[in-house]
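No value in this document is a laboratory result; all are computed from the given coordinates. Quantities reported herein were computed from a predicted structural model and do not represent experimental measurements. Heads up, the Cβs are rebuilt from the backbone with ideal geometry, glycines too, and the neighbour counts pull from every protein chain shown.
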Amino acid sequence: MALSKPSSSAPSGKESFWTPGRVVLTLASVGLISALGISSCNSNEVATNNAPANRVTNAPGTNNAQPPAAVVSLPQGLRDTKLQTLDGESLKLSDFADKVVIVNLWATWCGPCRQEMPELVKISNEYKSRGLVVLGLATTYNERNDQAHVKEYVRTQNVPYKIIWDDGTLAAPLVQAVQGQSVIPQSFVISRDGRIVKHFTGFRPYSDPQLMRLAVEEALSDKG
């Protein structure tokens, strides 16, 4: 009697690591990391007069609201520095001495910045009548000196607040004041008397808008 042939369904001795279940789990993990961890962009070097720029070294997950160790008072000289908007208007932070100001450092190519901007528009519309001024801060080095591109982006997004076109004159001192890093976006909530009372680095859509509203409410309630 002839011997039967071995079954072809016998184990090969080495199974593939990428089973369907592991593929699904890996894709889900990558999606979660993308949603929660990547919320800031590397900025180009911040131009400074007296010190080299800080390069970006922060890791994902370190970009939630990060207030300075203590409230930081801006020098009067910085508040009185003349700045130019995209529309060629001249202004100073001290022009808004009776207002609470949010200065938002951003760039057109930064995904988290683009995600945050509609929230800033909402906050501006909600609190403008109560004394809030929102100022966008676009830098020449982050935008490769392409002012026309920034203007077009702001126009298509229907941004109602002023955008400062800055060569580092304002951006660098603000970041240095809170010992921050060269990342975008960054937002600075400034009280009526010129103190940075809250500093946000990066953007987390599920927490930062509410935290920023709370900071604005507190600053508006502070009569000095």
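In this structure the amide hydrogen of Lys162, modeled in the peptide plane, comes within under 5 Å of the amide hydrogens of Gly136, none closer than 5 places in sequence on its chain.
For Cys41, the residues whose modelled amide H falls within less than 5 Å of its own, excluding neighbours fewer than 5 places apart on the same chain, are Ile184. Under the combined filter of DSSP loop state and at most 15 neighbouring Cβ atoms within 10 Å, the range 86-133 retains these chymotrypsin sites (Phe, Trp or Tyr not before Pro): Trp109.
Near Thr139, the amide H atoms lying under 5 Å from its own belong to Trp106, Asp166; only residues 5 or more places off or on other chains count, and H is placed 1.01 Å from N.
Would you mind ranking Glu119, Glu89 by Cβ crowding within 10 Å, fewest neighbours first? Mind dumping the intermediate values first?
On the way: Glu119 16, Glu89 10.
Ranking Glu119, Glu89 by Cβ neighbours within 10 Å, fewest first, gives Glu89, Glu119.
Loop-resident trypsin sites (Lys or Arg not before Pro) (DSSP state other than H, G, I, E or B) in the range 184-224 with no more than 11 further Cβ atoms inside 10 Å of their Cβ: Lys223.
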